[in-house]
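The values are calculated or read from the model by the stated rules, or taken from the named source; none is laboratory data. Values in this document were obtained by computation on a predicted structure and should not be read as measured data. Ligands, DNA and RNA are excluded from the accessible area calculation, which covers all protein heavy atoms including side chains. Shrake-Rupley method; radii C 1.70, N 1.55, O 1.52, S 1.80 Å.
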Amino acid sequence: MKKQIAMLLAAASFATLLAGCGASGTTSSEGAAGSTGSASASAETAGNAYENAAKPESITWWVHDGMKLEEGTDLWVEEFEKKTGIGMDLQIIDNNEYYTKLEVAYASDTVPDTFDLDGAHLGTYAAQGAIADLTDLVKESGLYDKIDPALWDSLTLNGRIYGVPREVPSACVTYVRKDWLDRLGMDVPTTYDEFIEMLTRFKNEIPECTVPYTAPAMENVNIAQNMAEFFQGATLDYTKVDGVWVDGMAQDNMVEALQRVQDAYAAGLIDTEVVTNTTSACRDEWYSGGVGVFAYWGGNWGETLTSRVKQNVPEAEVVAIPPIEGATYLYSAPSVQVISSKLSEEEIASIFKYFIEYAHDGAEGQVLFQSGVEGVHWAQDGDKLVPQPSLSNPEETFRKAWITPWMSTNPLTVTDKNMDLEPAITESLAVVDAYAQPLYVFPVSETRTMINSDLTTTRLNVFARVMMGQMSPEEGVAEYKAQAEALGVSTALEEMNANS
């Protein structure tokens with residue numbers, strides 16, 4: 001109880017803290033996110049700000065994914081400074097500490113010029129005036145027209161744009177050991193019954209199978225991404241139904257989803273460590289060659305999961321399967337690059353033009369942000385860009401700097417940077433493109449922010465107890481509804497729908 005109270009106080013403190021950090025920090029009568037200096041600017045003013053933007057002397061950038069230090073980030077920074085004439089203060093923050101450090105930065109007035117936010121945090125930072133409204137800059141620059149309108153729609157808050165997607169979101173797809181299917185004379189499953197039969201036969205008839213199905217179920221409230229075959233459209237998180245935000249765990253389809261999970265767990269088809277599994281533990285299990293099915297990100301991971309298991313089991317074959325009947329593959333919510341609203345309107349325009357837009361210019365800048373430094377991370381071969389061995393692990397190929405090349409929001413305009421992709425990458429991406437559905441950025445809700453930690457704990461606790469057979473799915477959903485209502489989920493939903 002003390003821990004829960006502390007979390008609520010911390011959230012309240014952060015909300016108050018952010019409220020004073022924007023240029024105005026107010027909320028419009030339409031319930032839009034808090035305005036900033038750039039938010040109140042007219043299109044004409046914003047256009048002049050963009051056109052007249054001076055190159056900044058230096059930029060402070062915080063990031064928590066992409067390149068690691070051991071992959072040559074210092075060389076990347078040197079190349080950025082050489083190409084742009086702009087000093088770069090790059091700070092790579094550990095993923096688990098990132099948002100805590102951002103909160104401290106706002107409290108101590110040491111906010112970086114630009115940083116990234118995920119869909120769960122974007123609305124909160126925008127509502128408190130902590131980040132600049134980039135709508136007019138995005139449109140005046142022409143960047144808006146280069147990116148899929150559906151992607152803009154998925155991250156727009158009340159018609160305003162507060163961040164630029166770094167790349168197209170990825171989606172989880174289900175990877176299966178095809179060599180095991182072939183040994184059993186089985187086809188790729190297309191229904192739930194066939195899926196369960198496959199897992200059962202893996203368990204009973206493949207001697208080296210130690211885990212038929214693994215997932216990091218308790219690491220993320222959006223378990224539906226990791227266990228699509230069992231959830232079949234249900235979700236523990238907030239979701240939209242007929243255009244209205246609802247509590248996914250309180251929906252009618254949750255009981256059936258929990259029953260499927262409970263039955264499969266009792267039958268020994270789901271990893272017994274699923275409650276404590278991390279994604280890294282799941283990957284290690286998969287690499288060892290004893291796992292039959294693992295849902296993970298499409299694209300680059302398709303090749304990584306294939307190549308790494310082959311290191312231990314050379315005859316292994318991996319296939320990304322289409323979703324079975326009723327299942328839904330989900331994109332992640334887009335991660336976006338934002339700019340601190342503590343900067344002046346002129347500084348915001350400068351950071352946007354010479355950093356964010358440069359990363360998506362279709363040419364020199366985009367190549368740097370995608371593939372890194374020539375001669376270090378890639379080499380030119382005719383009209384091909386050839387990735388080089390990774391500095392951190394020479395047995396693997398360097399895949400990306402900050403933007404995955406094959407997940408860029410707009411294609412390169414230069415014609416001599418073509419890349420040959422491994423089949424495992426293109427095949428899993430084809431499944432993503434054909435079947436994945438988007439997740440949307442959560443709209444502004446102060447209550448949602450305040451109760452998020454406790455509500456997430458409640459959701460995961462009930463899910464775990466039902467899965468392990470400590471209560472029935474009906475009992476679990478009933479208990480969850482009562483606890484969620486006591487926390488204030490109805491108020492959160494009212495606010496979310498008012499601000500959609």
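Could you give each residue of the stretch 483-500 its phi-based ³J(HN,Hα) in whole Hz, using Karplus coefficients 6.51, -1.76, 1.60 with θ = phi - 60°, and x for Gly or Pro?
5, 5, 5, 5, 6, x, 5, 5, 5, 4, 5, 4, 5, 4, 6, 5, 9, 7
How many percent of all Cα-Cα pairs in the stretch 218-346 sit more than 16 Å apart?
71
Divide, for the stretch 451-500, the radius of gyration over alpha carbons by 2.2 N^0.38 Å, where N is the residue count.
Taking the Cα Rg and dividing by 2.2 N^0.38 Å, one obtains 1.27.
Looking at the calculated P(r) for the chain, what percent of the C-alpha pair distances fall above 30 Å?
51
How large is ³J(HN,Hα) for each residue in the stretch 424-431, as worked out from phi by the Karplus curve 6.51 cos²θ - 1.76 cosθ + 1.60 (θ = phi - 60°), to whole Hz, x for Gly and Pro?
Karplus-based 3J(HN,Hα) across the stretch 424-431 equals 4, 6, 5, 5, 6, 5, 4, 5 Hz.
When only Cα pairs under 8 Å and 6 or more residues apart are kept, what is the percent relative contact order across the stretch 42-110? Could the numbers behind the result be given before it?
Working: 45 pairs, mean separation 25.7, N = 69.
The value is 37 percent.
Across the stretch 83-92, in residue order, what do the Karplus-derived ³J(HN,Hα) couplings come to in whole Hz, using 6.51 cos²θ - 1.76 cosθ + 1.60 with θ = phi - 60° and x for Gly and Pro?
Those phi angles translate into 6, 9, x, 10, x, 10, 9, 9, 10, 9 Hz.
Roughly to the nearest percent, how much of the accessible area of the stretch 349-389 is carbon and sulfur, given a 1.4 Å probe?
Exposed carbon and sulfur together represent 51 percent of the surface.
Given the stretch 50-92, what whole percent of its Cα pairs are spread farther than 17 Å?
Details: 334 of 903 pairs.
Cα-Cα pairs in the stretch 50-92 separated by more than 17 Å: 37 percent.
Please calculate how many Å² of accessible area the chain carries per residue, with a 1.4 Å probe and no DNA, RNA or ligand atoms counted.
For the chain, the per-residue accessible area is 42 Å².
Only Cα pairs under 8 Å and at least 6 apart count here; give the relative contact order of the stretch 201-290 as a rounded whole percent.
The normalised contact order for the stretch 201-290 reaches 37 percent.
Tell me the volume per residue, in Å³, of the convex hull enclosing the alpha carbons of the stretch 313-454.
219
Quick one: grab Rg to one decimal and Dmax as a whole number for the stretch 134-282, Cα atoms only, in Å.
19.9, 61
Check which residues have an amide H placed less than 5 Å from residue 213's amide H, if you skip close sequence neighbours.
Those qualifying (amide H under 5 Å, at least 5 residues apart or on another chain) are 271, 292, 293.
Would you pull out the residues with amide H under 5 Å of residue 325's amide H, same chain only if 5 or more places away, H placed 1.01 Å from N?
Result for residue 325 returns 191, 192.
List the relative contact order of the chain as a percent without decimals, with contacts defined as Cα pairs under 8 Å and 6+ residues apart.
Values: 908 pairs, mean separation 113.1, N = 500.
Once divided by the residue count of the chain, the mean separation gives 23 percent.
Using only Cα positions of the stretch 413-500, each an equal point scatterer, no hydration layer, compute I(q)/I(0) via Debye at q = 0.11, 0.20, 0.22, 0.26 Å⁻¹ and quote the log10 values to two decimals.
At q = 0.11, 0.20, 0.22, 0.26 Å⁻¹ the computed log10 ratios are -0.58, -0.96, -1.03, -1.16.
Which far-off residues, 5 or more places away or on another chain, put their amide H under 5 Å from the one on residue 87, with H placed in the peptide plane?
Amide H to amide H, under 5 Å and 5 or more residues apart or across chains, residue 87 pairs with 58, 59.
Could you pull out the pairs from 146/342; 82/400; 83/417 whose alpha carbons sit more than 22 Å apart here?
Long pairs (Cα-Cα over 22 Å): 146/342.
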